[in-house]
Amino acid sequence: MTADQQPDWSDALRRAEAHAPFLARALERQPELRELLAAGNIDAALVWTQKRGVHEDVGIGLRRERLALATTLAIGDLANALSLSRVVAELSNFADRALDRAIRAAIDDRVGEGEPEGFFALALGKQGAGELNYSSDIDPILLYDPATLRCRENDDPGDAAQRYARRVVKILGENTAEGYVQRVDLRLRPASEISPMAVPVGSAQAHYQGAALAWERAAFIRARAAAGDVCAGERFLQAIRPFVWRSALDFGAVEEIRALTLRIRESYDGPVRPGPGFDVKRGRGGIREIEFFAQTHQLIHGGRDLNIRVSGTRAALNALAAAGRIEADHAKVLGDGYDRMRTIEHRLQMVNDRQTHTLPEGEALDNAARLDGLSDGAALVAELTALTDQVGQIYEGLIGQADPTQGAVPEQNELVRQLGEQGFADPEALAKRIEGWRDGRFACLRSEAAIEAFDRLFPTFLTVIAASDAPELAITRWEGILDGATSAITLFRLLAAEPDVLERLVATLTLTRTLSDELARGPELLDTLLDQSALELPGSVEEIAASISQSMIRPDYEAALDAIRSVTGDIRFALGVQLIEGMTDPLDIARALSRTAEAGLHIAMRETEAEFARAHGRIKGGELLVLGLGRLGGGALTHASDLDIVYLFTGDFTAQSDGPRPLGATQYFNRLASRVTAALSVPTAQGALYEVDTRLRPQGAQGPLAVSCDAFAKYQRETAWTWEHMALARARVLTGSDAARADLDGLLEEVLQSKRDHAQLQEAVLSMRAEMAKHKHPRGILDVKLRRGGLVDLEFVVHYLQLKGRMTDGSILVETHPDAFDPDLGTAVRALISADLMPAEIGRAHDVMTRALVAGRLLAPDTMEPPASAARALARACGEKDFVALLEALEQARQEVAEVWNAIFGEALSLEDTSHDGME
């Protein structure tokens with residue numbers, strides 16, 4: 001119904017009685033309803049419909065309600081009083097109510113009135129999406145929990161569940177003198193060929209976690225708990241959510257969906273174009289192809305993008321377009337086509353209340369067209385032809401049915417010639433390597449479909465590779481990806497359709513060994529290059545932690561460790577791509593890397609504490625705290641950063657834990673700390689994560705891994721060296737209760753603001769920096785950390801001013817400029833500038849060197865001048881026009897730090913680099 005259309009009830013009744021025998025009979029049987037509809041009182045008609053469902057026999061009541069609802073919705077639809085979305089929603093809501101009443105009746109008839117505990121129905125297909133057909137079957141999955149199922153004391157839960165299931169199907173599907181309620185199809189249940197009508201939840205979970213097929217993933221996009229014990233149903237869907245929405249794109253699963261749709265096309269034996277016998281659901285460009293188009297894109301992107309996890313087809317198309325996953329024009333064509341074809345489908349079904357999707361012949365076709373308000377069948381066919389042609393072309397772009405002459409790997413001699421023209425060093429040898437790819441060397445290139453998809457990609461692939469600064473290196477690393485991938489057909493097709501993504505992939509292969517190695521170890525990271533939302537900064541620590549929790553495929557410790565590695569690995573890789581592409585400021589990348597590490601730490605702590613407590617219980621009144629130092633404490637990591645942490649614990653150190661195997665508090669927290677470290681650092685099936693450095697704890701590597709907060713406070717007040725207090729200037733409490741955090745923050749504040757002899761402090765700082773310079777030499781021109789005038793010197797100046805704690809006029813620094821003690825070095829620098837303790841230029845010096853540090857860890861990890869392409873990427877990441885400009889900016893920054901050093905310490909810094917590798 002459009003905004004300018006007014007409902008025409010008399011014309012709707014006329015068309016229904018003239019062209020739809022089922023509706024004519026229904027109106028005759030329900031004269032009171034006809035009067036309400038003739039008066040245009042749709043709301044009263046719907047109320048009357050629900051009253052028809054009230055009957056002591058649930059089957060009779062539901063049949064009468066169904067007939068009244070079908071009549072009301074049909075006339076409201078024909079009158080343009082109800083939109084398609086309203087019609088399908090009403091039909092779906094009735095199906096839910098009917099299924100729920102049938103379940104309750106089946107159980108209550110056996111064990112008396114009560115709640116349907118332990119037995120529920122999942123709605124799939126169009127019912128799950130809330131877009132049920134006018135005359136459609138429903139495709140529920142009936143599940144039960146043997147532990148909670150309401151049944152007779154002597155009944156076996158499994159037998160009782162099957163009895164309930166048979167009764168539900170009979171109540172809904174039996175055709176009596178009153179008609180039927182819903183045709184019920186249970187074939188979507190797990191392993192339907194061998195499983196009972198109602199399946200235990202444990203068996204169903206095991207199936208979806210290990211044996212389910214790709215089409216089942218697509219089906220569960222539209223699944224919801226619809227009837228019975230709905231809370232249990234929602235818990236079940238939550239448990240299998242990682243099966244449906246995977247954080248990494250499963251190229252094999254998407255290819256299975258594509259193959260399924262191709263088989264549907266091939267098995268369809270009706271006319272290819274609209275006309276008598278054409279199926280508006282299964283035919284080319286029909287309803288099913290629009291549904292599969294939406295679902296396939298949801299499978300590709302829904303693991304990462306929560307905004308496209310919607311069940312309705314039109315809603316999914318709109319969400320995909322809004323998220324930039326599909327073209328907006330395509331979404332409109334497909335959405336409008338879907339609505340119109342669903343309306344035509346309804347007209348076909350209204351005639352005789354049959355579940356048909358096929359255009360009839362002769363007068364019957366004219367009759368259906370006139371029911372719709374068209375002049376004749378030819379007009380209907382013409383409209384459908386235009387619609388299906390547009391839909392079919394869009395769908396074929398997805399499934400790869402296009403011109404087979406587009407793209408191919410040329411014959412050997414021609415390939416050698418092309419490789420030579422494009423500048424490859426040894427074209428004959430490379431041509432043989434490329435031919436070998438197609439001869440079974442790689443598992444992902446052994447099928448005809450895979451070879452065909454790669455042949456289409458190859459011309460563009462070769463052009464992009466040749467344009468890179470390191471073509472041979474790109475080829476070698478590409479082979480690493482092929483070797484690790486079991487299926488890559490969808491990848492080849494997506495890369496062929498998205499040349500900019502291919503360029504991003506080649507850049508990832510050639511610019512940084514770190515990201516290239518990660519791709520070779522985990523080809524599933526390729527979907528990061530395809531998913532635009534993955535190339536955005538991650539959210540807060542809490543949001544990342546929630547994403548990790550949602551990614552756990554099982555509620556156990558090993559699954560938690562895998563989820564930490566999987567999600568944080570994906571984010572770190574995506575941040576690396578953003579960095580080398582110059583998409584995001586390296587300062588923001590550093591903060592995002594820190595948030596990601598903190599989220600992983602929070603989950604590792606939570607899961608390790610719970611696992612440890614199963615064996616050893618907990619310490620009453622005690623807890624383990626994590627203090628972050630260094631770049632982690634400052635909230636600005638690089639891709640190469642270790643996690644510098646100190647473990648502390650609260651409570652009575654003489655206490656014992658309350659578990660089956662109790663431990664004393666000191667032993668308890670030290671062993672727990674060791675487990676947390678392992679959770680963060682030990683490789684699992686998902687790979688390694690972080691290196692954890694705990695050497696900054698009291699007594700260093702010689703001391704216990706975890707110490708009590710009281711012992712830590714005593715050490716810092718009485719024994720700690722000046723350099724240890726300097727380290728605390730970048731300390732931040734990362735885990736712990738609010739009260740414990742507050743106590744530890746208070747201690748840090750006390751230590752940092754302790755009164756010190758300024759001359760002794762300066763002597764200690766200068767002595768410490770001189771000793772470091774003797775043993776830690778800069779390696780290359782991009783060693784912005786260790787070169788004199790670099791970030792280490794800047795940190796020493798900042799920490800000296802923080803520990804000195806005084807303004808030039810003698811006032812207390814923390815009282816006038818509290819941000820000067822922020823663990824983030826950049827924030828502290830700006831506060832010290834505001835306090836007139838450092839010149840304004842030093843803020844820019846900090847930023848340019850930090851950008852170079854963060855970007856350089858990927859693009860120039862040895863701190864030497866990188867190859868030309870990496871040098872350009874490094875300059876771009878740092879916001880400079882070219883590499884020469886970057887070097888000039890870094891030299892200016894070093895000079896500014898040296899001037900500050902001289903002004904504060906009265907000591908001139910020599911910026912000359914001598915006798916070290918890579919330095920002139």
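Would you check if there is a residue in the range 402-413 being at pLDDT 80 or above and closer than 27 Å to Ile475 by Cα? Within the range 402-413 (the criterion being at pLDDT 80 or above and closer than 27 Å to Ile475 by Cα), the answer is yes, since at least one residue qualifies.
Being in a helix (DSSP H, G or I), of a type outside the set (Ser, Thr, Tyr) and either touching a residue at least 60 places away in the same chain (Cβ under 8 Å) or closer than 27 Å to Pro157 by Cα (or both) is true of Leu99. Quick check on the range 768-788. Is at least one of its residues of a type outside the set (S, T, N, Q), touching a Phe, Trp or Tyr at 6+ places or on another chain (Cβ under 6 Å) and closer than 20 Å to Ala903 by Cα? Yes: one or more hits. Considering Thr358, Thr313, which residue is touching a residue at least 60 places away in the same chain (Cβ under 8 Å) and either aromatic (Phe, Trp, Tyr) or surrounded by fewer than 20 Cβ atoms within 10 Å (Cβ to Cβ) (or both)? Answer to the selection: Thr358. Taking the range 798-817 as the range and being open to solvent by 40 Å² or more (accessible area, probe 1.4 Å) and of a type in the set (Ser, Thr, Tyr) as the test, the residues that pass are Thr808, Thr816.
Going by the structure shown, is Ile103 closer than 22 Å to Arg66 by Cβ and in contact with a Pro (Cβ under 9 Å, 6 or more places away or on another chain)? Considered against the rule, which asks whether it is closer than 22 Å to Arg66 by Cβ and in contact with a Pro (Cβ under 9 Å, 6 or more places away or on another chain), Ile103 comes out as yes. Restricting Leu680, Leu696, Leu734, Leu744 to those that are aliphatic (A, V, I, L, M), touching a residue at least 60 places away in the same chain (Cβ under 8 Å) and in contact with a Phe, Trp or Tyr (Cβ under 6 Å, 6 or more places away or on another chain) reduces the list to Leu680. Considering (1) part of a helix (DSSP H, G or I); (2) open to solvent by less than 30 Å² (accessible area, probe 1.4 Å), the lone condition that Glu795 does not fulfil carries the number (2).
Evaluation of Ala20 against the conditions (1) over 29 Å from Arg314 (Cα atoms); (2) in contact with a helix residue (DSSP H, G or I) (Cβ under 7 Å, 6 or more places away or on another chain) shows that the sole unmet condition is (1). For the range 229-239, a residue qualifies if it is of a type in the set (A, V, I, L, M, F, W, C) and open to solvent by 30 Å² or more (accessible area, probe 1.4 Å), and the qualifying residues are Val230, Cys231, Leu237, Ala239. Quick check on the range 107-126: of everything there that is of a type in the set (A, V, I, L, M, F, W, C) and part of a helix (DSSP H, G or I), which residue is least open to solvent (accessible area, probe 1.4 Å)? Going through the qualifying residues, I end up with Ile107. If you go through the range 337-355 and keep only what is within 36 Å of the chain's Cα centre (by Cα) and either closer than 22 Å to Arg25 by Cα or open to solvent by less than 10 Å² (accessible area, probe 1.4 Å) (or both), you end up with Gly337, Tyr338, Met341, Arg342, Thr343, Glu345.
Every test in (1) surrounded by 20 or more Cβ atoms within 10 Å (Cβ to Cβ); (2) in a loop (DSSP other than H, G, I, E, B); (3) touching a helix residue (DSSP H, G or I) at 6+ places or on another chain (Cβ under 8 Å) is passed by Asp783 save one, and that test is (3). Could you pull out the residue among Arg273, Arg288, Arg282 that is open to solvent by 60 Å² or more (accessible area, probe 1.4 Å), touching a residue at least 12 places away in the same chain (Cβ under 8 Å) and assigned to a helix (DSSP H, G or I)? Step by step, each of Arg273, Arg288, Arg282 is checked, and only Arg288 is open to solvent by 60 Å² or more (accessible area, probe 1.4 Å), touching a residue at least 12 places away in the same chain (Cβ under 8 Å) and assigned to a helix (DSSP H, G or I). Kindly provide the set of residues from the range 759-780 that are in contact with a helix residue (DSSP H, G or I) (Cβ under 6 Å, 6 or more places away or on another chain) and open to solvent by 40 Å² or more (accessible area, probe 1.4 Å), ordered by number. Within the range 759-780, Met768 is the sole residue that qualifies.
Per the listing Gly810, Gly805, Gly789, the residue uniquely on the phi > 0 side of the Ramachandran plot, of a type outside the set (Asp, Glu) and at pLDDT 95 or above is Gly789. Kindly indicate whether any position in the range 899-912 is at pLDDT 95 or above, loosely packed, with under 14 Cβ neighbours inside 10 Å and in contact with a helix residue (DSSP H, G or I) (Cβ under 9 Å, 6 or more places away or on another chain). Within the range 899-912, none of the residues are at pLDDT 95 or above, loosely packed, with under 14 Cβ neighbours inside 10 Å and in contact with a helix residue (DSSP H, G or I) (Cβ under 9 Å, 6 or more places away or on another chain). Scanning the range 619-639 for residues that are modelled with pLDDT of 95 or more, of a type outside the set (Asp, Glu) and open to solvent by 40 Å² or more (accessible area, probe 1.4 Å) gives a single hit, Arg631. When we screen Thr510, Thr514 for residues that are open to solvent by 50 Å² or more (accessible area, probe 1.4 Å), part of a helix (DSSP H, G or I), of a type in the set (Ser, Thr, Tyr) and closer than 24 Å to Ala590 by Cβ, the only hit is Thr514. The set of residues from the range 701-745 being farther than 29 Å from Ser767 by Cα, open to solvent by less than 60 Å² (accessible area, probe 1.4 Å) and among the basic types (Lys, Arg) is empty. Condition test on Ala835, is it open to solvent by less than 10 Å² (accessible area, probe 1.4 Å), under 26 Å from Leu575 (Cα atoms) and touching a residue at least 12 places away in the same chain (Cβ under 8 Å)? For Ala835, the condition - open to solvent by less than 10 Å² (accessible area, probe 1.4 Å), under 26 Å from Leu575 (Cα atoms) and touching a residue at least 12 places away in the same chain (Cβ under 8 Å) - is not met. For the range 361-375, filtering for residues that are surrounded by fewer than 18 Cβ atoms within 10 Å (Cβ to Cβ) and over 23 Å from Ser83 (Cα atoms) leaves 4. When residues in the range 229-238 are screened for being assigned to a helix (DSSP H, G or I) and in contact (Cβ under 8 Å) with a residue 60 or more places away in the chain, 5 of them pass. With a requirement of 3 or more residues that are open to solvent by 40 Å² or more (accessible area, probe 1.4 Å) and either free of Cβ contacts under 8 Å to residues at least 24 places away in the same chain or over 23 Å from Arg370 (Cβ atoms) (or both), the helices (runs of 4 or more DSSP H) lying completely within the range 16-84 that satisfy it span 21-29, 31-38, 42-52. Per this entry, Val829 is counted among residues that are open to solvent by less than 50 Å² (accessible area, probe 1.4 Å), outside any loop (DSSP other than H, G, I, E, B), in contact with a helix residue (DSSP H, G or I) (Cβ under 9 Å, 6 or more places away or on another chain) and within 21 Å of Leu637 (Cβ to Cβ). Restricting the search to the range 85-101, which residues are of a type outside the set (Val, Ile, Thr) and open to solvent by less than 10 Å² (accessible area, probe 1.4 Å)? Those that are of a type outside the set (Val, Ile, Thr) and open to solvent by less than 10 Å² (accessible area, probe 1.4 Å): Ser92, Phe94, Ala95, Ala98, Leu99.
The residue list Ala563, Ala597, Ala559, Ala615 contains one member that is out of contact with any strand residue (DSSP E or B) (no Cβ under 8 Å at 6 or more places or on another chain) and under 16 Å from Tyr690 (Cα atoms), which is Ala563. Restricting the first member to the range 506-527 and to residues that are under 20 Å from Val464 (Cα atoms) and among the aromatic types (Phe, Trp, Tyr), and the second to residues that are assigned to a helix (DSSP H, G or I) and modelled with pLDDT under 85, no beta-carbon pair is closer than 7 Å while six or more apart or on different chains.
The values are calculated or read from the model by the stated rules, or taken from the named source; none is laboratory data. Note that the structure is predicted; figures quoted are calculated from it, not measured. Virtual Cβ from ideal backbone geometry, glycine too; neighbours counted across all protein chains shown. For the accessible areas, the whole protein counts, side chains as well, though only heavy atoms, and no ligand, DNA or RNA atoms are used. Shrake-Rupley method; radii C 1.70, N 1.55, O 1.52, S 1.80 Å.
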